[in-house]
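The values are calculated or read from the model by the stated rules, or taken from the named source; none is laboratory data. Just so we're clear, the structure is a prediction, and the values are computed from it rather than from any experiment. Cβ placement follows ideal geometry from the backbone for every residue including glycine, while neighbour counts extend to all protein chains displayed.
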Amino acid sequence: MNSRAASLAPLALMALLTAVTYWLYRVVQADNPHGPLRHDPDYVVEQFKVRRFDLDGTLQHTLYAEKMVHYPDDDTSLVTTPHLIYHRQPPTEVFARQALVGRDGKEVDLIDEVRVIRQGLEGALPAVLETRLLKVFPDDETATTNTPVTITKGQSIVHGSGLDLDNKTGITTLHGRVTSTLYRNRSN
């Protein structure tokens with residue numbers, strides 16, 4: 001009988017270890033569920049203004065918006081009616097219905113009714129760019145899109161399938177099939 005109990009002891013010990021391991025697994029899983037993370041905001045800011053300065057202390061750009069909702073699960077922010085002003089001469093203003101700001105703020109996706117207005121120098125007409133989506137890199141003052149774009153300046157109008165824009169140099173490169181109607185400025 002002793003030999004039989006001695007042979008069952010390792011099996012009993014294995015069963016006990018298995019039960020304890022399963023219990024520990026369940027305790028740990030209760031703290032870390034497998035389901036999708038919830039996309040709930042942790043804070044909301046309304047009617048705000050953010051100013052960004054360069055390394056020399058010169059005002060680079062200002063962002064005004066109606067509302068910003070921050071989500072901690074992916075560290076993004078959804079901004080309602082953003083209005084971004086670049087203070088470089090000539091000034092450039094950017095409007096959209098919404099913006100999705102990435103985790104470090106270095107990349108901003110402007111969404112719906114995107115409008116960029118670059119003021120003209122010395123009384124010249126402003127250039128107005130309109131598109132549905134625009135990815136902006138605020139610190140670099142660059143932007144890009146693969147959605148159709150319309151640029152107007154006075155009566156002149158240009159259409160493209162996408163673009164790359166550099167606000168520092170003032171150069172805009174249109175992509176795809178580009179069509180335009182250009183009018184000469186007449187001075188009296």
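Return the pairs, sorted by first residue and then second, in which the second residue is assigned to a strand (DSSP E or B) and at pLDDT 90 or above, the first residue lies in the range 173-188 and is closer than 28 Å to THR144 by Cβ and among the acidic types (Asp, Glu), the beta carbons are less than 7 Å apart, and the residues are 6+ apart or on different chains. Cβ pairs passing all conditions: none.
Within the bounds of the range 52-74, is there any residue that is among the acidic types (Asp, Glu), assigned by TED's automatic domain parsing to the domain that holds HIS175 and surrounded by 14 or more Cβ atoms within 10 Å (Cβ to Cβ)? No: the range 52-74 contains no residue that is among the acidic types (Asp, Glu), assigned by TED's automatic domain parsing to the domain that holds HIS175 and surrounded by 14 or more Cβ atoms within 10 Å (Cβ to Cβ). When only residues in the range 68-99 that are touching a Ser or Thr at 6+ places or on another chain (Cβ under 8 Å) and in a loop (DSSP other than H, G, I, E, B) count, which is nearest to VAL114 (Cα to Cα)? Looking at the filtered set, the residue picked out is ALA96. Residues in the range 99-157 that are among the acidic types (Asp, Glu) and over 18 Å from ASP75 (Cα atoms) were compared, and the one that is surrounded by the fewest Cβ atoms within 10 Å (Cβ to Cβ) is GLU122. Per this entry, GLY105 is not counted among residues that are over 30 Å from HIS39 (Cβ atoms) and out of contact with any strand residue (DSSP E or B) (no Cβ under 7 Å at 6 or more places or on another chain). Among strands (runs of 3 or more DSSP E) entirely within the range 144-187, having at least 1 residues that are more than 29 Å from the chain's Cα centre (by Cα) singles out 156-160, 179-181. Within the range 170-183, is there a residue that is aliphatic (A, V, I, L, M), surrounded by 16 or more Cβ atoms within 10 Å (Cβ to Cβ) and in contact with a strand residue (DSSP E or B) (Cβ under 7 Å, 6 or more places away or on another chain)? Yes, there is a match, as at least one residue in the range 170-183 is aliphatic (A, V, I, L, M), surrounded by 16 or more Cβ atoms within 10 Å (Cβ to Cβ) and in contact with a strand residue (DSSP E or B) (Cβ under 7 Å, 6 or more places away or on another chain). ILE151 meets all of the listed conditions (1) within 17 Å of ALA96 (Cα to Cα); (2) without any contact (Cβ under 8 Å) to a residue 24 or more places away in the chain but one, namely (2).
When we screen PRO91, PRO82, PRO41 for residues that are under 23 Å from LEU165 (Cα atoms), under 17 Å from the mean Cα position of the chain (by Cα) and not β-branched (Val, Ile, Thr), the only hit is PRO82.
Every test in (1) surrounded by fewer than 14 Cβ atoms within 10 Å (Cβ to Cβ); (2) in contact with a Leu (Cβ under 8 Å, 6 or more places away or on another chain); (3) closer than 29 Å to ASP75 by Cα is passed by GLY162 save one, and that test is (1).
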